[in-house]
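Trainee: Take this structure first; my questions come after.
The values are calculated or read from the model by the stated rules, or taken from the named source; none is laboratory data. Quick caveat, the model's predicted, so the values are computed rather than measured. Here Cβ is always computed from backbone atoms with ideal geometry, including for glycine, and neighbour counts include all displayed protein chains.
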Amino acid sequence: METLLLWLFYVSTLYAFIPGLITRLFGFRVFRRGVGMNEFALTFDDGPDPVYTSQLLDLLKKYKAKATFFVVGSNAEKYPHLIKRMHEEGHLIGIHNYVHKTNWLMGPSAVKKQIQRTNKIICDIIGSDTHYYRPPWGIVNLFDFARRSETQIVLWSSMFGDWRQRLGADRLTQRMLKKLKSGEVFLLHDCGNTLGANAKAPVQMLIALERVLQEAEKKGLGTIRIDDMISKSEAAKREAKSKKTLASMSKNAPNKTAPKGRGRLFWGKKLLVSLWLLWEKIFHMLFQLRTTNQEDPIFHFRIRPYRGQPVTMNGGIELVNGDRVLELHFDNKRLFEIGSRSRNSVQIAIQMIRGVEKTLPELAQYVQSHPELLDVKALYGVSMINRGPEQFGFTVTDLPDSFFARSTRLYLKFLMSVIHPSGGDRLKQRSSHELIPKLIVMPIELLLDKYSEDGSHRRYSNKESSEAVKEEAAEEATDEATLSATQPC
């Protein structure tokens, strides 16, 4: 029962809590604010509503404003004439699921069906698909990140509580005017029939919105659809990046060996790393992970039964379902420190190769000194694709396609964006087949034979541990990192 609860905690955290946290705090893989423009975006959720949506469209038409509607599929199905009118009057239509239900309470296939069903309804009405998606309450799960080619997740930069009728038009106006700036994405609601909303709340929203549109006219601030805002923002970012590159090239840097892109750590990334390392501590405590070196750990590990297809390891030894394995987890704090100090992938790889080479003898000694571990059949871990582990005696093989494999892939992509010297930009340079998690296994017999203190490890070290071999292995095998990071930490 305890193990089941721990796994439920782990899965729910990875599936729901962590993705929700990083999207809200850092905008990871979502759009929520524009840059480089003199416009703001009006977005409306939960409609269409037979009473208030038509009034809203009249108001937008009066002020020549353009908006984005994230519609609930079941409502769109009931009121297709409103969807058609939105489209004909130049507004953008996005998806808000078929029913207003949080993605945390649905599996990946259920969410996919909600999106596809709503998209089909919209397409049948206006004759074209939509690419833009806002999950109800802005709550994402892990697999929402995987649909980047299918949908663009859109959140917001300003939310006002307009679903509560008691807020009133005056207070709502004040809140909206405080946020009336270029690039803002306003979240409003043209329907009050969802959970937690008041049925007549849109009355107050419409009053406040007209006041805001009047003030926007005075300021010369226009409205913009989300698709146009995204296009303009990307163009502005490219232009700023180009100017920065030209400025950098025109200067003679006093220290050409300074790490590229590894300057001061911004507060957002500091917070993200802190939360990530806190999660690791909680995981280690719950699953009672051990290490061979408390002061300077490379690996953490735990004993568990292997669950999966048979794998043939070095020496022809077969790992089968139910065999006890020593599950390895790279120390994420150490991993981040290595990434922070390194200028490129090769330097990361060299540091990790050294750390692994130092730790494997310690691990062999630990197994020998703990008799209860002698029946463990193999070392086991999950890594991003690379050939580095093979030089140590690991067998590298594919993970079968499963929830675990897909969630691991997403987790390790996120991890790479944090620790890699080039940050998230590195992910854009890699094709999808190069970012597939791999299973790495080594027979415990090989660990003891190769790395125990009986002299065999010294022979291995003298043969292969020179600086030249480290450089060659790093350059050949590691655009990301040897044993880049083991799941789940």
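Trainee: In the stretch 88-100, which residues are buried (at least 18 other Cβ atoms within 10 Å of the Cβ) and not aromatic (Phe, Trp, Tyr)?
Mentor: So the first thing to find is which residues in the stretch 88-100 are buried (at least 18 other Cβ atoms within 10 Å of the Cβ), and the list is 91-98, 100.
Hits for the stretch 88-100 are His91, Leu92, Ile93, Gly94, Ile95, His96, Asn97, His100.
Trainee: What's the number of the condition Asn252 fails, among (1) modelled with pLDDT of 75 or more; (2) over 28 Å from the mean Cα position of the chain (by Cα)?
Mentor: Of everything listed in (1) modelled with pLDDT of 75 or more; (2) over 28 Å from the mean Cα position of the chain (by Cα), Asn252 misses just condition (1).
Trainee: Let me ask something else. Just name the residue that is surrounded by the most Cβ atoms within 10 Å (Cβ to Cβ) out of those in the stretch 278-332 that are closer than 19 Å to Thr395 by Cβ and basic (Lys, Arg).
Mentor: So, considering only residues that are closer than 19 Å to Thr395 by Cβ and basic (Lys, Arg), the one surrounded by the most Cβ atoms within 10 Å (Cβ to Cβ) is Arg324.
Trainee: A follow-up question, please. When you check Val212 against the structure, is it modelled with pLDDT of 95 or more, surrounded by 15 or more Cβ atoms within 10 Å (Cβ to Cβ) and more than 24 Å from Arg29 (Cα to Cα), yes or no? Break it down stepwise before answering.
Mentor: Details: modelled with pLDDT of 95 or more: yes; surrounded by 15 or more Cβ atoms within 10 Å (Cβ to Cβ): yes; more than 24 Å from Arg29 (Cα to Cα): yes.
Taking the combined requirement at face value, the residue satisfies it.
Listed here are the residues, each with its yes/no results for (1) within 22 Å of Gly73 (Cβ to Cβ); (2) in contact (Cβ under 8 Å) with a residue 12 or more places away in the chain; (3) not assigned by TED's automatic domain parsing to the domain that holds Ile93.
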{"residue": "Gln114", "(1), (2), (3)": "yes, yes, no"}
{"residue": "Cys123", "(1), (2), (3)": "yes, no, no"}
{"residue": "Arg134", "(1), (2), (3)": "yes, yes, no"}
{"residue": "Gly161", "(1), (2), (3)": "no, yes, no"}
{"residue": "Gln165", "(1), (2), (3)": "no, yes, no"}
{"residue": "Met176", "(1), (2), (3)": "no, yes, no"}
{"residue": "Cys191", "(1), (2), (3)": "yes, yes, no"}
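Trainee: If you scan the stretch 306-341, which residues turn out to be modelled with pLDDT of 85 or more and part of a helix (DSSP H, G or I)?
Mentor: Asn314, Gly315, Gly316, listed by residue number.
For (1) outside any helix (DSSP H, G or I); (2) modelled with pLDDT under 85, each residue gets a yes or a no:
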| site | (1), (2) |
| --- | --- |
| Gly355 | no, yes |
| Leu360 | no, no |
| Ala364 | no, no |
| Tyr380 | yes, no |
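Trainee: Could you please let me know if Leu374 is buried (at least 22 other Cβ atoms within 10 Å of the Cβ), hydrophobic (A, V, I, L, M, F, W, C) and modelled with pLDDT under 90? Give the derivation first.
Mentor: Working: buried (at least 22 other Cβ atoms within 10 Å of the Cβ): no; hydrophobic (A, V, I, L, M, F, W, C): yes; modelled with pLDDT under 90: yes.
Against the criterion (buried (at least 22 other Cβ atoms within 10 Å of the Cβ), hydrophobic (A, V, I, L, M, F, W, C) and modelled with pLDDT under 90), Leu374 does not qualify.
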